[in-house]
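Below is one structure, written out as structure tokens, with a few remarks after it.
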């Protein structure tokens with residue numbers, strides 16, 4: 001099998017720190033042939049690092065897309081541009097990978113679903129949490145029945161976005177500090193947690209969410225607290241607190257409670273999943289952190305060569321994006337919002353307060 005000749009649109013932090021290290025590790029499978037970036041000098045600087053001739057650098061990605069020696073494109077641009085750039089790449093007849101989320105709003109997310117069929121191109125959405133080892137091993141533990149039937153879980157994500165805003169980090173980028181899309185960091189970062197939860201527990205029935213507003217641009221709420229009912233009957237509590245510090249150790253992390261035991265993932269960077277059983281036994285399941293980027297790019301290579309299907313398609317990512325906006329709608333409208341199926345006809349509004357009948361699962 002020959003290498004995929006790759007064109008890159010967007011040579012910022014996500015490319016340099018996330019995708020390129022995986023591409024480098026997969027050097028026998030990918031060859032970088034062109035770079036496009038709106039600030040040309042940044043692309044030229046990166047081209048120099050990999051000994052790519054400057055004639056292969058562009059500040060207009062549309063010019064790059066005219067090349068006939070590009071097999072696929074990797075798109076890493078600000079969220080508000082994801083659909084716009086993806087549509088241009090699809091129109092050019094190029095297969096592509098696009099960073100999550102696939103669009104900044106539901107209108108563009110719906111249009112995104114037409115790209116593959118309309119232009120006959122292969123598309124992967126780079127949601128690395130669905131490829132991370134820890135989430136796949138947790139799903140395997142659950143599916144094996146080791147902890148019995150899952151009853152509920154707690155996922156607590158506390159980060160300090162303001163602490164990172166003046167550093168050379170993702171939080172230091174202007175478009176993340178003052179986002180031109182609804183949801184801010186919740187759409188940009190918390191979507192990873194949502195994808196992981198949906199990957200582990202499956203389709204979602206409905207969400208009930210509350211948020212404490214803040215004036216800072218990077219996120220509309222100081223914290224977002226969500227009750228989630230999955231179609232399987234599993235109930236989860238998810239908290240996203242991007243303005244805090246979890247001073248107590250170990251952190252809450254991800255805790256999954258079953259009828260015969262519990263799973264505890266303290267930190268996705270620790271490399272250990274703790275499993276304890278009601279009969280007193282315990283075990284530690286190890287994993288290699290942060291392999292999602294490598295695994296997703298390997299999946300794309302194999303799919304391009306007809307060896308396997310793409311795991312994270314636009315259709316799958318659409319559900320993650322919809323759930324983000326459903327949670328935001330639940331907060332603003334103070335009501336239960338259905339995610340993967342329409343509301344039941346006997347209670348079309350599904351309000352938490354103001355109705356005579358409340359569904360059994362929220363009593």
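Those strands (runs of 3 or more DSSP E) of segment 75-181 in which 3 or more residues are over 15 Å from the mean Cα position of the chain (by Cα) and modelled with pLDDT of 95 or more occupy 150-158. What residue, among those in segment 46-69 that are assigned to a helix (DSSP H, G or I) and within 18 Å of residue 84 (Cα to Cα), is nearest to the chain's Cα centre (by Cα)? Applying the filter and picking the extreme gives 61.
The single condition among (1) part of a helix (DSSP H, G or I); (2) surrounded by 19 or more Cβ atoms within 10 Å (Cβ to Cβ); (3) more than 20 Å from the chain's Cα centre (by Cα) that residue 275 does not satisfy is (1). Among the residues of segment 86-115, those identified as buried (at least 19 other Cβ atoms within 10 Å of the Cβ), in contact with a helix residue (DSSP H, G or I) (Cβ under 7 Å, 6 or more places away or on another chain) and in contact (Cβ under 8 Å) with a residue 40 or more places away in the chain are 95, 97, 99, 100, 101, 102, 103, 104, 109, 112, 115. Of everything in segment 292-343 that is assigned to a loop (DSSP other than H, G, I, E, B) and free of Cβ contacts under 8 Å to residues at least 12 places away in the same chain, the residue that is nearest to residue 102 (Cα to Cα) is 309. Number of residues in segment 1-45 that are outside any helix (DSSP H, G or I) and without any contact (Cβ under 8 Å) to a residue 40 or more places away in the chain equals 13.
Suppose the filter is within 14 Å of residue 327 (Cα to Cα), in the same structural domain as residue 138 (by TED's automatic domain parsing), more than 20 Å from the chain's Cα centre (by Cα) and surrounded by fewer than 20 Cβ atoms within 10 Å (Cβ to Cβ); does residue 212 pass it? The answer is yes for residue 212.
The values are calculated or read from the model by the stated rules, or taken from the named source; none is laboratory data. A quick note: this is a predicted structure, and the numbers were derived from the prediction, not measured. Please note: Cβ atoms are built from the backbone with ideal geometry, for glycine as well, and neighbour counts cover all protein chains shown.
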